[in-house]
Structures are given as structure tokens and as C-alpha cells.
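Visitor: Take this structure, written in C-alpha cells, and hold onto it; I'll ask about it next.
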Amino acid sequence: MPRTTFAPAAASLLMALASVGAQAQNVYRIVGPDGKVTFSDRPPAETSAPPARSPAAPAAATASPAAANGALPFELRQVANRYPVTIYTGNDCAPCGSLRNMLTSRGVPYTERTVASNEDIAALQRLSGSTSLPFGTIGGQQLVGFSDAEWIQYLDAAGYPKQSQLPSNYRQPAPTPLVAAKPVESAPAAEPKAPARPALPPPVNDGPTPSNPAGIRF
């Protein structure tokens, strides 16, 4: 009997829950143009506005020379930062070419400075105490001339790899003069000359006068 008594009540409760669930399914979440969120039992009105475009991607930044040449391997980069190699070369210098080829084949990154002008020669004299070429530095160590065995000894001591580890797209920096060329200064413009004054006519000599009995002219 108790089950028969409460059955209608249970059925009513289930119908009420179903009705609430049906109503809950008809609630719509609407986001306005200003970003404000509202809820409604009516679907949002369709708009013909075109979809918003995503902002254009920024233009790719110009690659730096280091990025263009590829990053050096960690070990080589550490050695090159601690013991950078700089060579000083000149025109018609066969040992200079031999030194350059040795460094390139071993994969040693280096900076090349050329000695051509009188200013370059004077600067090399102050730097190395000599005008002999090639001249080079490995960190603080100076090497005058080119001896394959001597350079290999110092490169090994500095920790440079015996075999090239340079990336395939690496390019050595272009050689630059030891002394930067000074820009040619243009001569200052000549100041305009003042126009010549017209010559005054000679004074008229009327001879002696009562105020100038001697007839003196100036």
C-alpha cells in the first residue's frame, strides 16, 4: 500500500525534473561584440558581419650574420671566445695564404686584418714591434711569420678541435684594413669677395686759394 500511495508523487517529481532539464537545455550563452556574456532562452540572432581576421603575423626579423652563418658548436664557441684568432696579412704574401688555408682546413674561425697603407704598417709596428707578415694572435699569444708546426702547437694548447667542426653554411668574416680609412673631407666653400669699390675721381686742383695758399692736394 505505501508503494501505491507514493507512486503518483514520484511520477510527478520525475516529470518536473524532466521539464526542468528540457528548459535547461534551451538556455543559450551569448557573447556580445563588447565581450559581455549573457544568457537567454532564445538563440542568438544571426549576423552577416564577416568573421574577425586574425592579426597579421609580424614580418620575420632580418637574420643576424651569426644566424646566417649558423651557430658554432658549443665546444668550438667556448674556445673561440676565450682564445680568438686574428691574422694580419698583406698582398703578394705567400705565407699569408698558407696560414689562411691552414686555419680554414682545420675549421678555426678567425678575423683577418689587411696591411696595405702606410697607416696600416705603422699600426702593425706598434702592435707587434715588427713589420713582418703574416702576423697573428691566439688570445694574448703573438706569432710572427708562419710555421705550420708552431701554429698547430698553439692551436692545440688553446683547445681548438683538430678536425673542423664548423657548420656547412659558415662563412669567415670579410677581411678589413688594420686602420679604418678616414672619410675624405670636402674643402670649405670660399667666402664670396666683397665687390670692389669704384675709384674716386682725382680732386680738382684749382691752384692756391685763400684757404690753401700753397695749393696742397691730398
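The values are calculated or read from the model by the stated rules, or taken from the named source; none is laboratory data. Just so you know, these numbers come straight off a predicted model, no measurement behind them. Every residue, glycine as well, gets a Cβ built from its backbone with ideal geometry; the counts of neighbours run over all protein chains shown. Just so you know, the surface numbers come from the protein's heavy atoms only, side chains and all, with ligands and any DNA or RNA stripped out. Shrake-Rupley method; radii C 1.70, N 1.55, O 1.52, S 1.80 Å.
Visitor: Suppose the chain between A71 and Y170 were pulled fully straight at 0.36 nm per residue; how much longer would it get relative to their current alpha carbon spacing?
Guide: Details: separation 99, 0.36 × 99 = 35.64 nm, distance 0.83 nm.
That works out to 34.8 nm of additional length.
Visitor: Leaving out ligands and nucleic acids, note down the accessible area per residue over segment 84-124 with a 1.4 angstrom probe, in whole Å².
Guide: Working: 1780 Å² over 41 residues.
Roughly 44 Å² per residue, with all protein chains present.
Visitor: Taking amide H atoms as placed 1.01 Å from N in the peptide plane, list the residues 5 or more away in sequence, or in a different chain, whose amide H sits under 5 Å from that of L72.
Guide: For L72, whose amide H was placed from the backbone, there are no distant partners under 5 Å.
Visitor: Picking from A122, C93, V79, whose Cα lies most toward the positive end of the charge dipole for segment 64-164 (charges on Cβ: Lys, Arg +1; Asp, Glu -1)?
Guide: V79
Visitor: Let a ≥ b ≥ c be the square roots of the eigenvalues of the Cα gyration tensor of segment 64-164; is it rounded (a/c under 1.5), or, if not, prolate (a/b larger than b/c) or oblate? Intermediate values should be presented prior to the final figure.
Guide: Details: a/c = 1.86, a/b = 1.54, b/c = 1.21.
In terms of gyration-tensor shape, prolate.
Visitor: Quote to one decimal, in nm, the extra length available between Q125 and Q153 on full extension: 0.36 nm per residue of separation minus the C-alpha distance between them. Show your work: numbers first, answer last.
Guide: Values: separation 28, 0.36 × 28 = 10.08 nm, distance 2.52 nm.
Additional length available on full extension: 7.6 nm.
Visitor: Stretched out fully, how many nm does the piece from K162 to A180 gain, at 0.36 nm a residue minus the Cα gap? Walk me through the numbers before you get to the answer.
Guide: Details: separation 18, 0.36 × 18 = 6.48 nm, distance 3.38 nm.
Separation in residues times 0.36 nm, less the Cα-Cα distance, equals 3.1 nm.
Visitor: What distance in nm separates the simple spin-label points at N91 and E191, each placed 7 Å from Cα in the Cβ direction?
Guide: Label at N91, label at E191, 4.3 nm between them.
Visitor: Would you mind calculating the relative contact order of segment 64-164 from Cα pairs under 8 angstrom and at least 6 residues apart, reporting the percent as a whole number?
Guide: About 34 percent, as a whole number.
Visitor: Right, something else. Testing the spin-label approximation: label points 7 Å from Cα along Cα→Cβ at Q142 and M102. State their distance in nm.
Guide: Roughly 1.9 nm, to one decimal.
Visitor: Compare the peptides 101-107, 86-92 by average per-residue count of other Cβ atoms within 10 angstrom and give them in order, highest first.
Guide: Values: 101-107: 14.9, 86-92: 16.9.
Going by the mean number of other Cβ atoms within 10 Å, highest first, we get 86-92, 101-107.
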